[in-house]
Amino acid sequence: MAVLERGVATLEDYLGLATALIVDLQRDLVTPERASTLMLPAMPKDVNIPAAIAEEMCSALLDRIEDGGGMPDAASARFLPVLLQQLGPHHGLVERARALGVLLDGA
C-alpha cells in the first residue's frame with residue numbers, strides 16, 4: 001500500500017504490485033474490480049509490461065470474469081484493453097477476450 005500512497009516510482013515497483021495482485025486474484029483474495037482499480041492509475045506512463053506479467057494478469061481477470069457470468073466490472077473493462085495491447089492482436093488471450101465479449105474488434 002505504501003507504493004500506492006506515494007505513487008509507483010519505478011517499473012520494478014509496478015511489477016511487484018502486479019505480481020502480488022495476480023496471486024491475490026488467483027486465490028480469490030481480491031476482486032477483479034479492486035485489482036484493476038489499483039493497477040490502472042498506478043501504471044507508469046508509456047510502460048511496456050513484460051508479456052509474462054500481462055498474460056498472467058489478463059488470464060486471471062478473464063478467469064474471474066468468466067466465472068462471474070461474463071460481465072466485467074467497469075475498472076476491469078478499462079484495464080483489460082491496456083494489458084491486451086501489450087500482447088498483440090492475435091494472442092490467444094486477446095481472442096479469448098473477444099469471445100467473452102469484453103474486447104471489441106479493433107481495440
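Tell me the residue from L21, L104, L4, L38 that is part of a loop (DSSP other than H, G, I, E, B) and either at pLDDT below 80 or out of contact with any Ser or Thr (no Cβ under 6 Å at 6 or more places or on another chain) (or both), please.
The conditions single out L104.
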### Query
Does region 90-100 include one or more residues that are crowded, with 21+ Cβ neighbours inside 10 Å, at negative phi and at pLDDT below 85?
no
### Task
Kindly provide the set of residues from region 34-80 that are polar (S, T, N, Q) and surrounded by 15 or more Cβ atoms within 10 Å (Cβ to Cβ), ordered by number.
S36, T37, S59, S76
#### Entry: Counted residues, region 26-44 - those being over 9 Å from the mean Cα position of the chain (by Cα) and within 16 Å of R78 (Cβ to Cβ)
8
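The values are calculated or read from the model by the stated rules, or taken from the named source; none is laboratory data. Because the structure is a prediction, the values reported are computed rather than measured. FYI the Cβ positions are ideal-geometry reconstructions off the backbone, even for glycines, and counts take in every protein chain you see.
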